[in-house]
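Worksheet: one structure, shown below.
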Amino acid sequence: MKYIINPVRLFILFLLVLSPAYAHVGSPGVIYEGEAGPYRIMVNVNPPDVIPGTATVQVYVTNGGVEQVLLKPIYWFSGADGAPKADEALPLAASPGQYEGLTWLMSNGTASIEVKVSGELGEGTALVPVMAMSTAQKEMDPALGWILGALGLFLVILMITIIGVSVSDAVVPPGDEKKKTGHRKTKGMVVAAAFLCLILYGGMSWWNNWAEDYRRYMYKPYQANTKVVTTDNGRKMIFEIDSAYKEYRQNYLPISYLIPDHGKLMHMFLVREGSLDAFAHLHPVRTDSLTFEVDLPPLPNGRYFVFGDIVRGNGFHETITDTMEIMGLELPVSLTTSDENDGWQPSDPDDTYIISNPVLPNQVQLAAGDIVVCGKPGIRTPLPDGSSAIWEHEGESFQANRLYPMTFSILDPDGEPAELEPYMGMMGHAVVMKHDGSVYIHLHPVGNYSSASQDLIKRRMEDDSRLVELPSADQFRDSVDQVVASIKAMSEEERNDYLMELMGHTYEEEENGEHAGHATVTFPYAFPEPGNYRIWIQMKRNGQVLNTAFDAVVE
């Protein structure tokens with residue numbers, strides 16, 4: 001397998017890159033919050049569902065006098081040299097500091113949008129990773145089809161007539177109108193019709209082949225089978241990716257080429273279907289190329305949504321979904337978070353879960369002593385450790401497709417701002433899910449893009465002229481597994497320092513940023529569609545992961 005990038009650097013990168021990944025279901029937009037040189041920016045990319053297609057890009061610049069904002073797509077495989085000319089984003093008169101533009105995405109795969117800002121502070125650029133993939137096939141309006149068909153038939157008849165006349169009446173010398181040309185005209189029209197039929201048939205065959213290729217290479221998510229088994233050490237969840245994926249992902253990097261995200265090969269989220277009152281964030285261990293397993297927390301019986309976030313070796317990040325049944329646990333039990341004395345011994349030190357109230361008031365609430373009651377925007381919500389959480393929001397209704405800085409604060413039992421700690425190298429994690437499971441996304445304070453993809457594309461832009469050979473799938477998988485195991489064996493402090501350093505920021509830097517005081521965390525997000533949502537927030541205090549949840553209605 002050949003790729004145009006230095007092999008040693010790429011291999012080391014694969015082993016060491018640990019960065020926040022974007023993964024989603026029904027929420028295709030990509031949000032980036034960061035810097036473009038001296039400018040502080042927030043970017044919202046809405047990629048097309050058909051490739052080639054245009055992505056809508058909104059850029060918010062919060063400082064400096066801006067003169068121009070340019071947008072340019074850059075692909076991992078073609079690099080900067082293969083990138084097209086940049087398109088300009090235009091300012092929106094009604095919203096100072098906001099720019100909007102369109103840019104074409106021409107190929108499926110790992111890509112990015114380069115945002116270049118020019119102004120009184122100079123120039124600065126930022127790369128926003130985008131997973132360009134066709135997820136839909138457009139249907140032509142039947143009325144438009146009939147109109148185009150009629151016009152096409154008219155053109156064919158016109159062409160046959162023109163050719164027939166051109167070989168008969170058109171070659172009669174002036175003044176010789178009596179010369180009979182009917183036979184030649186008929187013969188010419190028959191030949192023309194036959195020739196045009198061949199052209200039309202060839203065109204139809206080309207189009208059908210093209211359409212078949214498009215359908216063949218449309219993005220198809222991995223399928224998986226999930227089950228719960230009972231062992232001497234408790235219940236385990238087995239998550240097995242369907243090996244038939246090779247039939248519909250022929251041109252993709254094999255599943256063995258996974259890279260860690262926050263030190264984990266997979267971030268798995270379980271949500272009890274219907275009531276949404278049980279939530280778990282787990283990190284399964286890979287036992288072979290397709291199989292992952294994890295110790296199951298004492299979750300109540302029911303049917304669960306399963307979301308598994310992974311990042312592949314070329315920076316492509318995605319979510320594998322499934323559902324599963326959990327049976328056999330007797331209730332009521334004292335269920336709360338993993339830090340309580342519930343007898344559960346997690347297989348990963350960062351595994352955690354939460355039991356909360358159901359989403360509907362008429363649903364049965366679990367008989368747990370420390371159930372977390374979900375909050376709402378602007379309302380202070382108590383947590384089991386005596387602290388409280390609040391979603392800092394003015395109370396106005398949420399609008400779909402509008403970018404919101406969702407800011408959450410934790411107050412200690414005395415009502416003072418709490419001292420939050422990093423959790424897997426970040427100051428907070430969030431999961432947003434629509435009640436029916438049709439929308440799911442895993443968020444971080446920097447947005448929902450993949451820093452792994454961003455870093456890979458940056459390196460690709462720096463080194464795009466060398467042909468190299470990747471390690472074998474087995475060698476790559478074994479090496480990555482060793483790195484993941486070594487990170488897992490670190491102490492919590494060592495692990496956080498290691499992850500934050502690899503992600504390019506430190507705990508001290510957070511004091512000067514928007515998380516000053518370590519009591520608040522902001523997650524930028526745009527709800528993709530109206531509906532009822534539950535948002536789970538995970539922040540850490542006194543060595544304990546504080547799981548809480550909030551409900552929101554989006555119009």
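Okay, here's what the table says:
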{"quantity": "Rounded FRET efficiency, nearest 0.05, which uses the C-beta distance separating Ser491 from Glu416 and R0 of 35 Å", "calculated": "0.80"}
{"quantity": "Alpha-carbon spread of segment 193-281, three principal axes, descending order, Å", "calculated": "77, 33, 25"}
{"quantity": "³J(HN,Hα) computed for each position of segment 426-443 - Karplus, 6.51 cos²θ - 1.76 cosθ + 1.60, integer Hz, glycine/proline x", "calculated": "10, 7, x, 10, 9, 10, 10, 9, 6, 3, 8, x, 6, 10, 8, 7, 9, 10"}
{"quantity": "Accessible surface of segment 33-75, 1.4 Å probe, proportion on carbon and sulfur as whole %", "calculated": "44"}
{"quantity": "Estimated distance in nm for a label pair at Ala244 and Ser397, the labels positioned 7 Å out from Cα along Cα-to-Cβ", "calculated": "4.4"}
{"quantity": "Accessible surface of segment 172-277, 1.4 Å probe, proportion on carbon and sulfur as whole %", "calculated": "58"}
{"quantity": "Amide H contacts of Ile379 (H built 1.01 Å from N, under 5 Å, at least 5 apart or other chain)", "calculated": "Trp391"}
{"quantity": "Residue-averaged [θ]222 nm for the chain, counting only DSSP H segments that reach four residues, each worth -39500 (n - 2.57)", "calculated": "-7000 deg cm²/dmol"}
{"quantity": "Under 5 Å, built H, 5+ apart or other chain: amide partners of Glu273", "calculated": "Arg303, Tyr304, Phe305"}
{"quantity": "FRET E, pair Lys138, Trp206, Förster distance 22 Å, beta-carbon r, rounded to 0.05", "calculated": "0.75"}
{"quantity": "Cα-based Rg / Dmax (Å) for segment 164-229", "calculated": "26.9, 97"}
{"quantity": "Degrees between helix 492-502 axis and first principal axis of the chain (Cα, 0 to 90, nearest 10)", "calculated": "30"}
{"quantity": "Label corresponding to Rg and Dmax of the Cα atoms in Å when calculated from the structure given, among (1) 22.8, 72; (2) 28.7, 111; (3) 34.5, 120", "calculated": "(2)"}
{"quantity": "Per-bin percent of Cα-Cα distances, segment 92-139 [10 Å]", "calculated": "19, 38, 29, 13, 2"}
{"quantity": "Surface accessible to a 1.4 Å probe, per residue, for the residues of the chain, Å²", "calculated": "45"}
{"quantity": "Of all DSSP beta bridges in the chain, antiparallel share, percent nearest 5", "calculated": "100"}
{"quantity": "Calculated Rg and Dmax of segment 97-194 using C-alpha coordinates, Å", "calculated": "28.4, 83"}
{"quantity": "Segment Gln475-Asn233, length gained on full extension (0.36 nm per residue, minus Cα span)", "calculated": "84.0 nm"}
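The values are calculated or read from the model by the stated rules, or taken from the named source; none is laboratory data. What you are looking at is a predicted structure, and each value in this text was computed from that prediction instead of being measured. Quick reminder, even Gly has a Cβ in these numbers, built from the backbone with ideal geometry, and neighbours come from all protein chains shown. For accessibility, only protein heavy atoms count, side chains too; no ligands or nucleic acids. Shrake-Rupley method; radii C 1.70, N 1.55, O 1.52, S 1.80 Å.
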